[in-house]
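The values are calculated or read from the model by the stated rules, or taken from the named source; none is laboratory data. Small disclaimer: the values here were computed from a predicted structure and weren't measured. Cβ sites come from the backbone with ideal geometry, for glycine too, and all protein chains shown count toward neighbours.
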Amino acid sequence: MKEQFTISIYTENLIGLLHRITTIFTRRHSNIESINASESEVSGIHRYTVVITEEERKVKNIVKQIEKQIDVFKAFYHPNKNIVYQEIALYKMPTNILSQTREVEQIVRKHHARLLAVEPEFTIIEKTGFKEETQALFEQLKPHGILEFVRSGRISISKPMKEFQDYFLEVEKASKL
Amino acid sequence: MESTKLKKPQSVKTTITGAEALVRCLIAENVDTMFGYPGGAIMPVYDALYHYENEIKHIMTRHEQGASHAAQGYARISGKVGVCMATSGPGATNLITGLADAQLDSTPLVCITGQVSSKMIGSDAFQETDIVSISMPVTKWNIQITKAKDIPEAIAKAFYIARSGKPGPVLIDITKDAQFETFEFEYEPCLHIRSYIPNPQVDPKAIALAARVIDSAKKPLILFGHGILLANAKQEFKDFVEKSGAPAAWTIMGLSALDTDHPQNVGMLGMHGNYAPNIMTNECDVLVAIGMRFDDRVTGDVSRYAKQAKIIHLEIDPAEVNKNVGVDVPVLGNCKESLTQLTEAITKKSYPEWNDRAAQLTARENEMVIEDELFPPEEDKITMGEVIRHISDISRGTAVIVTDVGQHQMVTQRYYNYKEWKSNVTSGGLGTMGFALPAAIGAKFAAPHRQVIAVIGDGGFQMTIQELGTIFQTKIDVKILILNNEFLGMVRQWQDLFFEKRYSSVDMINPDFQMIAKGYGITAEKVTERADLEKAIHRFLSSEGSYLLEVLVGKENNVFPMIPTGASVSEIRLS
Ligand SMILES: Cc1ncc(C[n+]2csc(CCOP(=O)(O)OP(=O)(O)O)c2C)c(N)n1
């Protein structure tokens with residue numbers, strides 16, 4: 001059965017590595033739903049967060065293929081129940097809509113979104129949450145004229161307490177054997 | 001992989017060009033032979049090589065694909081890392097087939113390509129290709145270098161990565177300005193990479209569990225692959241086989257890890273393998289797979305593969321465990337270590353009834369297939385099998401056999417009686433036609449004192465036929481056997497069996513191979529009649545220098561047994 005999984009990949013910070021990692025997914029016809037690159041808690045080490053919907057067996061194989069890459073330290077995969085995750089969405093609206101009616105402001109408040117920037121011509125609304133939530137806000141704002149919309153890749157933190165720091169030391173030790 | 005002792009790191013700093021540094025790195029990594037082809041973007045390195053002629057022999061092939069396969073043949077026989085080099089653009093892209101082949105067959109290669117100057121990159125400059133992106137899926141690791149000072153570290157990592165763990169090909173792309181630039185050279189070999197675990201430690205619990213499963217088996221079967229050869233585990237494997245008492249079967253990449261006539265060797269697995277090991281795969285109760293990766297050509301339909309058996313998998317690469325076939329007891333680690341521990345842990349056994357079963361199945365195959373292939377009736381055309389029988393007898397099973405891809409490959413591996421460790425060089429995973437001739441050249445450079453025989457079909461020969469020029473120029477001694485059925489035989493066989501004999505684009509109008517060979521100064525002979533065969537093979541194998549022997553064989557002979565695609569191993573057909 002297919003399920004949504006979040007894969008966290010800890011790597012050296014190198015040009016070309018993203019390409020090596022994404023081809024592992026594309027070659028297996030696994031559609032990347034979102035991808036995010038950032039620093040990790042260990043200095044100098046990069047972290048990719050990839051979301052896919054697949055059978056667990058296939059996810060396991062993909063993770064092993066990722067870990068097989070020389071410059072990858074460790075990759076983890078988690079079903080949604082084992083992580084805390086968020087995405088951020090930005091919505092650009094004409095400012096005059098906000099000044100004409102109170103409706104948009106009410107929507108923003110109802111969705112616990114906030115105004116990020118207000119300029120004479122446009123206003124940027126920011127909402128952090130699950131995709132369903134940012135999407136629900138999108139649907140409600142849409143009739144009022146969204147000028148631009150963007151949603152970030154997922155970022156996630158796993159619930160299990162063993163940290164990458166520990167794995168990092170294990171990997172480094174094993175690399176010398 | 002054999003570990004090679006590195007030359008002492010250069011302690012005295014000297015200012016030299018990136019190109020010269022590259023050559024000195026190669027020397028520090030014990031490279032004495034390499035294969036390549038020059039061109040604009042790699043000229044500074046060729047210029048540096050000119051000054052180091054006594055340290056490194058550079059073999060110019062006739063095509064970069066040839067250089068890559070020659071480096072593979074060299075690596076497979078020498079146990080060292082094969083090195084090849086090409087210029088940017090077309091030179092680099094011509095290496096791709098060799099890289100892909102080496103990636104699938106775990107062959108350690110370091111490929112060096114020239115690249116346009118760093119300031120030209122991205123401008124669609126003359127002979128610019130993004131070879132790092134192109135080669136990414138077919139390399140274990142690759143990198144582009146734009147500064148001379150980064151060359152030593154990259155080369156050191158390249159050799160370490162290519163030969164450690166599950167070996168594979170590595171590509172280093174060096175811009176022309178980095179080759180020209182000067183810097184203070186110093187070389188430190190790479191001893192570890194912090195994100196890379198080449199040698200997973202063998203878990204004693206896994207060994208204990210595996211031993212318990214093996215000891216409780218009534219009908220165990222051993223499958224062995226390339227990993228044993230790569231780990232140099234000749235004696236460790238033989239000890240394990242003999243103590244276990246179990247029949248053992250090989251993948252084509254594992255061939256020659258155990259003598260063909262070893263009493264426990266029950267033959268070849270997979271599509272054109274032997275009857276007994278394929279049938280026994282679905283009858284055994286424990287399957288011990290060592291250094292092999294359950295390729296689909298070995299397993300047939302995986303959903304009906306050894307479902308009744310407990311599977312133990314000795315494997316160095318965690319990504320191979322549970323990839324194609326579910327495994328009950330994975331034993332991670334280098335099999336040289338895991339086999340030693342496992343042999344120690346198991347009880348010595350024999351399985352007379354189970355071995356009788358192997359004998360009985362083998363007898364069936366003998367009667368239905370092998371007898372006729374090796375000793376065909378007088379009125380029949382020459383068979384590939386009888387040619388190989390003579391080659392095997394006359395060379396006493398001690399030659400290095402290099403095969404191309406197709407019917408002749410299957411026949412050679414089935415019928416040559418391998419008596420020496422590490423004697424089979426073939427393109428297993430990628431099935432690259434055109435592999436054999438250049439790979440045989442590389443194998444000969446790796447083992448100048450061994451007889452090297454390339455067995456090639458009339459089709460595959462013409463894919464890299466230009467490498468006859470390399471043989472001509474280097475004057476090496478490679479015996480070339482062309483098994484000519486005037487067809488792309490293996491494809492014709494499939495059309496015969498599965499496309500109602502619609503022979504679409506498989507008949508070959510061939511040139512006069514003898515004349516071509518003679519043009520390259522290679523003695524050549526053609527045999528069409530059985531009466532002349534044996535004598536011709538004697539001449540072929542005892543000749544001084546290279547020799548091409550073309551044998552006209554039955555046009556429409558098929559290779560059996562065969563497991564049709566999608567069928568299960570137990571549905572193997574004898575006719
Ligand atoms: C580069 C490449 N192209 C195509 C194929 C597909 N193929 C597999 S076997 C074969 C026929 C080989 O014919 P030949 O070299 O005459 O050998 P035979 O099978 O007759 O022994 C072909 C075309 C291949 N394996 N490699």
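Miscellaneous remarks
- Meets criteria (within 10 Å of chain A (Cβ to nearest Cβ) and buried (at least 19 other Cβ atoms within 10 Å of the Cβ)) for B:Ile172: no
- Any hit, the stretch B:451-458, residues being within 15 Å of the ligand (Cβ to nearest atom) and more than 20 Å from B:Ile77 (Cβ to Cβ): yes
- Residue check, B:Phe461 in contact with an Asp or Glu (Cβ under 9 Å, 6 or more places away or on another chain), within 16 Å of the ligand (Cβ to nearest atom) and closer than 29 Å to B:Ile563 by Cβ: yes
- Output for the stretch A:23-41, where each listed residue is within 13 Å of chain B (Cβ to nearest Cβ) and exposed (fewer than 15 other Cβ atoms within 10 Å of the Cβ): A:Thr23, A:Thr26, A:Arg27, A:Arg28
- Remark: B:Ile509 matches the filter, which requires a residue to be assigned by TED's automatic domain parsing to the domain that holds B:Gln413, more than 25 Å from B:His69 (Cα to Cα), within 13 Å of the ligand (Cβ to nearest atom) and not in a helix (DSSP H, G or I).
- Subset tally (residues that are hydroxyl-bearing (Ser, Thr, Tyr) and surrounded by fewer than 24 Cβ atoms within 10 Å (Cβ to Cβ)) for the stretch B:71-85: 1
- Those residues of the stretch B:390-426 which are on the phi > 0 side of the Ramachandran plot and within 12 Å of the ligand (Cβ to nearest atom), in sequence order: B:Gly406
- Just so you know, in the stretch B:210-258 the residues that are within 19 Å of the chain's Cα centre (by Cα), touching a residue at least 40 places away in the same chain (Cβ under 8 Å) and in a strand (DSSP E or B) include one that is surrounded by the fewest Cβ atoms within 10 Å (Cβ to Cβ), and it is B:Leu223.
- Subset of the stretch B:464-480 (residues that are assigned to a helix (DSSP H, G or I) and either in contact with an Asp or Glu (Cβ under 8 Å, 6 or more places away or on another chain) or within 12 Å of the ligand (Cβ to nearest atom) (or both)): B:Ile465
- Test: residue in the stretch B:427-441 that is assigned to a strand (DSSP E or B), closer than 22 Å to B:Glu386 by Cβ and either more than 12 Å from the ligand (Cβ to nearest atom) or assigned by TED's automatic domain parsing to the domain that holds B:Ser395 (or both): no
- Residue in the stretch B:509-518 that is nearest to B:Ile480 (Cα to Cα), counting only those that are without any contact (Cβ under 8 Å) to a residue 40 or more places away in the chain and surrounded by 13 or more Cβ atoms within 10 Å (Cβ to Cβ): B:Gln514
- The stretch B:311-338, subset out of contact with any strand residue (DSSP E or B) (no Cβ under 7 Å at 6 or more places or on another chain) and in a helix (DSSP H, G or I), residue surrounded by the fewest Cβ atoms within 10 Å (Cβ to Cβ): B:Ala319
- Of the residues making up the stretch B:481-504, those that are within 12 Å of the ligand (Cβ to nearest atom) and assigned to a loop (DSSP other than H, G, I, E, B) number 4.
- Set side by side, the residues B:Phe498, B:Phe487 differ, and just one is of a type in the set (A, V, I, L, M, F, W, C), over 18 Å from B:Ile59 (Cβ atoms) and surrounded by fewer than 17 Cβ atoms within 10 Å (Cβ to Cβ), which is B:Phe498.
- Qualifying positions in the stretch B:274-288 - among the polar types (S, T, N, Q) and outside any loop (DSSP other than H, G, I, E, B): B:Asn278, B:Thr281
- Meets criteria (aliphatic (A, V, I, L, M), in a helix (DSSP H, G or I) and within 16 Å of the ligand (Cβ to nearest atom)) for B:Met515: no
- Qualifying helices (runs of 4 or more DSSP H) (wholly inside the stretch A:67-177; at least 3 residues being within 14 Å of another protein chain (Cβ to nearest Cβ)): A:164-174
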